[in-house]
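One structure is given below, encoded as structure tokens.
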Amino acid sequence: MEARFNLYTNPVTASFVKRMRMAGKVIDESPLPNATYELVQIRVAQINGCSFCTDMHTKDAAHAGESTVRINLVAAWREATVFTEAERAALAMAEEATRVADGGQVSEDTWDQVRKHYDDDQVGALIAAIALINAWTRLNAVAHTPAGDYVPGQWS
């Protein structure tokens, strides 16, 4: 696939992307476990069909030491035994929040599970992470940002 629009050279979108990266630093510096953050980003990218974000976050997760088995099973996390209860709660919330436009919502059961496993700062970071990766996936999917060439840490 060829990019239909370069988000990084257009002055408007480049400025917007710069601010989104700064927003991401808030999550990076939060107490939300990095593994949870990466798993959520992978799952949202999969749901939204963003190949660029899927490529990026699977590579970042592997670079951070995540196992290939867990990365490969994110799409089927409900049936997999390799995720903690806390991670499962975060993945459920990521799915439900990503699909709100389909007439859904974050269920009370999912919310209760998230609250059981995460403190207020972690919940805040999780909500922000889900919102941010949804924005990223939409930007890159609309622009047709090509996947495959991302190198972990290239934007650190």
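Filtered by the rule that a residue be acidic (Asp, Glu) and buried (at least 22 other Cβ atoms within 10 Å of the Cβ), region 38-59 gives a lone residue, Glu38. Counting only residues that are of a type in the set (D, E, K, R) and over 16 Å from the mean Cα position of the chain (by Cα), region 9-33 holds 2 of them. Quick one: what pairs do we get from region 7-23, first residue closer than 11 Å to Trp136 by Cα, second surrounded by fewer than 12 Cβ atoms within 10 Å (Cβ to Cβ), C-beta under 6 Å, 6+ apart or different chains? From residues that are closer than 11 Å to Trp136 by Cα, there are no pairs.
Checked against (1) free of Cβ contacts under 8 Å to residues at least 24 places away in the same chain; (2) among the small types (Gly, Ala, Ser); (3) in contact with a helix residue (DSSP H, G or I) (Cβ under 6 Å, 6 or more places away or on another chain); (4) not in a helix (DSSP H, G or I), Ser30 meets all criteria but (1).
Checking each residue in region 78-89 for being assigned to a loop (DSSP other than H, G, I, E, B) and not small (Gly, Ala, Ser) picks out Arg78, Glu79, Thr81, Val82, Phe83, Thr84. Could you say which residue among Ala35, Ala92, Ala62, Ala75 is of a type in the set (A, V, I, L, M), in a helix (DSSP H, G or I), touching a residue at least 60 places away in the same chain (Cβ under 8 Å) and surrounded by fewer than 21 Cβ atoms within 10 Å (Cβ to Cβ)? Matching residue, one of Ala35, Ala92, Ala62, Ala75: Ala62.
Yes or no, residue by residue, for (1) touching a residue at least 40 places away in the same chain (Cβ under 8 Å); (2) surrounded by 18 or more Cβ atoms within 10 Å (Cβ to Cβ); (3) touching a Gly at 6+ places or on another chain (Cβ under 7 Å); (4) in a helix (DSSP H, G or I):
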residue	(1), (2), (3), (4)
Val114	no, yes, no, yes
Ala125	yes, yes, no, yes
Gly148	yes, no, no, no
Gln154	no, no, no, no
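Note on region 99-112: residues that are exposed (fewer than 15 other Cβ atoms within 10 Å of the Cβ) and part of a helix (DSSP H, G or I) total 6. Considering region 74-89, and only residues there that are within 15 Å of the chain's Cα centre (by Cα) and of a type in the set (A, V, I, L, M), the residue that is nearest to Thr110 (Cα to Cα) turns out to be Ala89.
Before we move on, is Val12 buried (at least 17 other Cβ atoms within 10 Å of the Cβ), outside any loop (DSSP other than H, G, I, E, B) and of a type outside the set (Lys, Arg)? Answer is no for this residue.
Every number here is computed from the coordinates shown, using simple stated rules; none is lab data. Predicted, not measured: the structure shown is a model, and the values here were computed from it. Here Cβ is always computed from backbone atoms with ideal geometry, including for glycine, and neighbour counts include all displayed protein chains.
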